[in-house]
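Working notes, beginning with the structure itself.
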Amino acid sequence: MLFKFKSKVTGDLIMLEPNGKRVLEIIGKDASAQGIITPDQMPAAIAALEQAVLADEAERKGATEKAHAAGKPTPQFEAVSLRQRAVPFVEMLKRCQSEGKEIVWGV
């Protein structure tokens, strides 16, 4: 399954199911087949994604430093970081918020 996020302000944003679910969970939305993010919900969603990205990066850095200190190989992470996945969505949120338009998926 794919998540196709749509708005009247931006082009569509498509994510594979695991990535779309993760982003929706971070912003506190049910990762069901359909949903909406209203402009008044967008500031909290942006903040939650930015905080999650910082936490993910800190976790990666900590795991790498811990492995190096123990003389172990660097841990393997997903090839695409949360930051890379979240940035297009955050940009979509910011543009939609500034125009007062919602983002929907599954419709």
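The values are calculated or read from the model by the stated rules, or taken from the named source; none is laboratory data. The structure displayed is predicted, hence computed values, not measured ones. Heads up, the Cβs are rebuilt from the backbone with ideal geometry, glycines too, and the neighbour counts pull from every protein chain shown. For accessibility, only protein heavy atoms count, side chains too; no ligands or nucleic acids. Shrake-Rupley method; radii C 1.70, N 1.55, O 1.52, S 1.80 Å.
Within segment 59-70, can one find any residue that is modelled with pLDDT under 95 and not in a helix (DSSP H, G or I)? Yes, some residue in segment 59-70 is modelled with pLDDT under 95 and not in a helix (DSSP H, G or I).
So which residues in segment 91-103 are surrounded by fewer than 21 Cβ atoms within 10 Å (Cβ to Cβ) and either closer than 23 Å to residue 54 by Cα or of a type outside the set (Asp, Glu) (or both)? Walk me through it before giving the result.
Applying the first criterion (surrounded by fewer than 21 Cβ atoms within 10 Å (Cβ to Cβ)) to segment 91-103 yields 91, 94-95, 98-102.
Within segment 91-103, 91, 94, 95, 98, 100, 101 meet the criteria.
Among all positions in segment 31-46, there is at least one residue which is closer than 18 Å to residue 3 by Cα and without any contact (Cβ under 8 Å) to a residue 40 or more places away in the chain. Looking across segment 1-17, the residues that are of a type in the set (A, V, I, L, M, F, W, C), in contact with a Lys or Arg (Cβ under 9 Å, 6 or more places away or on another chain) and either part of a loop (DSSP other than H, G, I, E, B) or without any contact (Cβ under 8 Å) to a residue 40 or more places away in the chain (or both) come down to 9, 14.
Just one of the listed residues (81, 32) is loosely packed, with under 15 Cβ neighbours inside 10 Å, among the small types (Gly, Ala, Ser) and touching a Gly at 6+ places or on another chain (Cβ under 9 Å), and it is 32.
Among the residues of segment 18-40, the ones that are over 20 Å from residue 98 (Cα atoms), of a type in the set (Asp, Glu) and in a helix (DSSP H, G or I) come to 1 in all. I'd like the residue in segment 35-48 that is more than 12 Å from the chain's Cα centre (by Cα) and of a type outside the set (S, T, N, Q) and, out of all such residues, is surrounded by the fewest Cβ atoms within 10 Å (Cβ to Cβ). Here the residue is 40.
So, in segment 7-25, of the ones that are open to solvent by less than 50 Å² (accessible area, probe 1.4 Å) and aliphatic (A, V, I, L, M), which residue ends up farthest from the chain's Cα centre (by Cα)?
9
Contact annotation: residue pairs with Cβ atoms under 6 Å, 6 or more positions apart or on different chains, pairing a residue in segment 75-87 that is assigned to a loop (DSSP other than H, G, I, E, B) with a partner that is open to solvent by less than 60 Å² (accessible area, probe 1.4 Å), are 75/63; 75/67; 77/60.
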